[in-house]
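**Q** Submitted below is the structure of interest, expressed as C-alpha cells.
The values are calculated or read from the model by the stated rules, or taken from the named source; none is laboratory data. Predicted model only: the values in this text are computed from it and were never measured. For neighbour counting, all protein chains shown are included, and Cβ atoms are generated from backbone atoms with ideal geometry for every residue, glycine included. Calculation scope for accessible area: heavy atoms of the full protein, side chains included, ligands and nucleic acids excluded. Shrake-Rupley method; radii C 1.70, N 1.55, O 1.52, S 1.80 Å.
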Amino acid sequence: MTEEVLYAGEKTTVDPHLEKLCRQADTAKNWTQRIIKDTDAVLVPNPGYRVEDYVLDKIDKKRPPRQSNVESLGQGMIEAGTDFGPSSAYGSMLIKVGQTELKLGQTEREFVNSACVAFVNPLNKFMDTEVRNVTRERKILENKRLDLDAAKNKLRKARNMHNTPTKDGTDPRVLIQQAESEVITSQAEFNGQVNLVRTELEVMLNARDRHVENLKALVAAQTSFYERCSQQMLELNRDLLS
C-alpha cells in the first residue's frame, strides 16, 4: 500500500459529475421554493391568510372556510339590493350582479383547490421528500469527507514519526498500520456515501423533470377558470341588456 494512494495531502474532493449534479439540485431547490411562494401569492393574495395556512398545515389542522373578496362583494350587493327594494331598477340589478359575483367567487374557490392539488401540493411534496433526502445525504457525505481527511492526516503524521519513539513504547509500525486501516475504512464509507448521494440526486432531478405534467395541469385549471368566469359574465351582460 503506497502513501500516494492513502494520502493526497489536500482536502478530499468529489468527481466533477457529482458536483454538477449538486449544483443542478441546488438550482432546482431554489427555483421550486420561489415558484411555490409565487403561486401561493396568486392563489391566496392575503399575506396574513398565507401565514395562517402555513402554520395550520404544519400542525396538520384544517384551514378555516373564508369568504373571498369577490364573494364579499357579491354578498354586499345582494344585501344592498334587497334593502333598496328588489322592485327598483337599481336594487334588482344589484341583486343580479351580486349573484354572479357569488358564482365567480365559487368558481375561484374551485380553481384554487384544483391548482393546489394539481401543482402546489406536488411541488411541496418534492421539497419535503426528494429535496430533503438529498440535503440529508449530502450532509452525511460532508461528514464522511471530514472523517476521511482526518484519517489521512493521522496516517501522514504516523509516517512522519516512524523513526520517533512513542511515549508509551508502541511500535510506530503498529500506529501506521492502525492509521492505514482507518483510512481504508473511511475511504470505503466515503465512496459508498458518494454513490448514495449520486443516486438521490438523480432521483431528485428526475422528479423535478416530471413537474412538467403538474405545470400542464395548472394551465388546464387556469384555462377552465377563465373560461367559466368569462361565460358567467357574458350571461350576466345578456341578462342586464334584455
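**Q** Gaussian network model of the chain, Cα springs within a sub-10 Å range: biggest mean-square fluctuation belongs to which of R66, R228, R198?
**A** Of the options given, R66 has the highest mean-square fluctuation.
**Q** Shape verdict for the stretch 115-242, please, from the Cα gyration tensor: rounded (a/c under 1.5), prolate (a/b greater than b/c) or oblate.
**A** prolate
**Q** As I understand it, the value is the acute angle between the Cα axis of helix 211-241 and the longest principal axis of the Cα atoms of the chain; what does it come to in degrees, rounded to 10?
**A** Relative to the chain, helix 211-241 is tipped by roughly 10 degrees.
**Q** How large are Rg and Dmax for the chain when calculated on the C-alpha trace, in angstrom?
**A** Taking only Cα atoms of the chain, I get Rg and Dmax of 31.6, 110 Å.
**Q** Report, in whole Å, the centroid distance computed from the Cα atoms of the stretch 189-206 and the stretch 97-125.
**A** 38
**Q** In the chain, with Lys and Arg counted as +1 and Asp and Glu as -1 at Cβ, which of these residues, N46, G98, Q177, has the Cα nearest the positive end of the dipole, that is, farthest along it?
**A** Positive-end residue among those listed: Q177.
**Q** Greater than 29 Å separation of Cα atoms is the criterion. Which listed pairs, K29/K216; K20/K157; K37/K216; K37/K139; K29/K144, meet it?
**A** K20/K157
**Q** With all protein chains present, how much of the accessible area of the chain (probe radius 1.4 Å) comes from carbon and sulfur, to the nearest whole percent?
**A** Carbon-and-sulfur percentage of accessible area, whole number: 54.
**Q** Further question on the same structure: Please give the per residue accessible area of the chain, computed with a probe of 1.4 Å over protein heavy atoms only, in Å².
**A** Dividing the accessible area of the chain by its residue count gives 64 Å².
**Q** List the trypsin sites (Lys or Arg not before Pro) within the stretch 107-191 that fall in a DSSP loop (any state other than H, G, I, E or B) and whose Cβ has at most 13 other Cβ atoms within 10 Å.
**A** Here the trypsin sites (Lys or Arg not before Pro) that fit, given the DSSP loop and packing criteria, are K167.
**Q** Related question: How big, in percent, is the set of alpha carbon pairs in the stretch 181-224 lying more than 12 Å apart?
**A** Percentage above 12 Å: 71.
**Q** Per the helix-only calculation at 222 nm, which mean residue ellipticity applies to the chain, given -39500 (n - 2.57) for every DSSP H run of n ≥ 4 and division by its residues, nearest 500 deg cm²/dmol?
**A** Roughly -27500 deg cm²/dmol at 222 nm, from the helical runs in the chain.
**Q** Follow-up question, since we're still on this one. Using only the alpha-carbon atoms, how far is helix 89-115 inclined from the longest principal axis of the chain? Give it as 0 to 90 degrees, nearest 10.
**A** 20
**Q** Show me, for the stretch 138-153, the HN-Hα J-couplings you get by feeding each phi into the Karplus relation (A = 6.51, B = -1.76, C = 1.60, θ = phi - 60°), rounded to Hz, glycine and proline as x.
**A** Listing the rounded values in order: 5, 5, 4, 4, 5, 5, 5, 5, 5, 4, 5, 4, 5, 5, 5, 5 Hz.
**Q** Could you give the angle, 0 to 90 degrees to the nearest 10, between helix 16-43's Cα long axis and the longest principal axis of the Cα atoms of the chain?
**A** Roughly 20 degrees, rounded to the nearest 10.
**Q** Right, another one. Please find the FRET efficiency linking D128 to Y226, where r is the Cβ-Cβ separation and R0 is fixed at 25 Å, and quote it to the nearest 0.05.
**A** Approximately 0.20, to the nearest 0.05.
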